[in-house]
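First comes the structure, then the notes that go with it.
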Amino acid sequence: MAADQPTVLVVEDEAAQREVLSYNLESEGFRVARAENGEEALMLLDEEHPDIIVLDWMLPNVSGIEVCRQIKTRPETRNVPIIMLSARSEEVDRVRGLETGADDYVVKPYSVVELMARVKAQLRRTRPAAAGLRLEYEDIVLDSETHRVTRSGSLLKLGPTEFRLLTTFMEKPGRVWSREQLLDRVWGRDIYVDTRTVDVHIGRLRKALCQNGGGDPLRTVRGAGYALG
Ligand code: CA
């Protein structure tokens, strides 16, 4: 399983609904973290770093709206897209009116196909490579469907790890990634890899990017990590 597959946090108190939804998301290639209430969802945020959250409106204790509000208030989770599920369209109107910051709304019973389309639409914005798109940075073009990378039109030879590293960088040019964050994203959180391994693969990526000439687009940020541009 690819370590860079997007993680979806599913928050739903009804076990059967939670499982059907999780199963469908996993079939589409997502990693799924499950929460059965709002407290658990808020706790899992820090552990799982989800790329998107599918959040039921009707939850015991802390309501979906309150969970949504809290996620959108915290600076570190503010940009994680949230799709709210609700049983009635009037509830959706109310969520909109409350300006909780949810990014999309789906009324139950929903069609699985529609929900998957909504999830992918949100990810296209936050995780473009995961949605099968072309990423461009200056003269570098990465096609996440064909796994081809070109620089100034010439094809580059990249190993699978270097490809995933480059994908991570190209999704957020300018962002500084620490070695630990790159390990989580590229190697996966369940695998023990020494942080020096990251440096080795960064070296290989730099070499690969310059194999047909051109400057080194990767920047070493002392004490912090690496960034593209
Ligand atoms: Ca519910």
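General remarks:
- Residues within segment 155-197 that are assigned to a loop (DSSP other than H, G, I, E, B), closer than 16 Å to Gln5 by Cβ and hydrophobic (A, V, I, L, M, F, W, C), tallied: 1
- Check on Glu26, in contact with a strand residue (DSSP E or B) (Cβ under 7 Å, 6 or more places away or on another chain), open to solvent by 40 Å² or more (accessible area, probe 1.4 Å) and more than 16 Å from the ligand (Cβ to nearest atom): yes
- Exactly one residue out of Asp104, Asp51 is of a type in the set (D, E, K, R) and within 16 Å of the chain's Cα centre (by Cα), and it is Asp51.
- Verdict on Val20 being modelled with pLDDT under 95, of a type outside the set (Ser, Thr, Tyr) and either over 23 Å from Ala117 (Cα atoms) or not assigned by TED's automatic domain parsing to the domain that holds Val112 (or both): no
- Some residue of segment 2-17 being within 26 Å of Thr168 (Cα to Cα), aliphatic (A, V, I, L, M), more than 16 Å from the ligand (Cβ to nearest atom) and surrounded by fewer than 18 Cβ atoms within 10 Å (Cβ to Cβ): yes
- Just so you know, in segment 54-76 the residues that are of a type outside the set (A, V, I, L, M) and open to solvent by less than 10 Å² (accessible area, probe 1.4 Å) include one that is farthest from the ligand (Cβ to nearest atom), and it is Cys68.
- Of all residues in segment 95-115, those satisfying the criterion of being more than 16 Å from the ligand (Cβ to nearest atom) and either among the charged types (D, E, K, R) or closer than 22 Å to Leu59 by Cβ (or both) are Arg96, Gly97, Leu98, Glu99, Thr100, Gly101, Asp103, Asp104, Val112, Glu114.
- In segment 133-175, the residues that are open to solvent by 60 Å² or more (accessible area, probe 1.4 Å) and within 16 Å of Gly214 (Cα to Cα): Glu136, Glu138, Ser152, Gly153, Leu155, Lys157
- With a requirement of 2 or more residues that are modelled with pLDDT under 90, the strands (runs of 3 or more DSSP E) lying completely within segment 36-132 that satisfy it span 104-107.
The values are calculated or read from the model by the stated rules, or taken from the named source; none is laboratory data. Small disclaimer: the values here were computed from a predicted structure and weren't measured. Quick reminder, even Gly has a Cβ in these numbers, built from the backbone with ideal geometry, and neighbours come from all protein chains shown. Areas reflect the complete protein model, heavy atoms only, side chains present, ligands, DNA and RNA absent. Shrake-Rupley method; radii C 1.70, N 1.55, O 1.52, S 1.80 Å.
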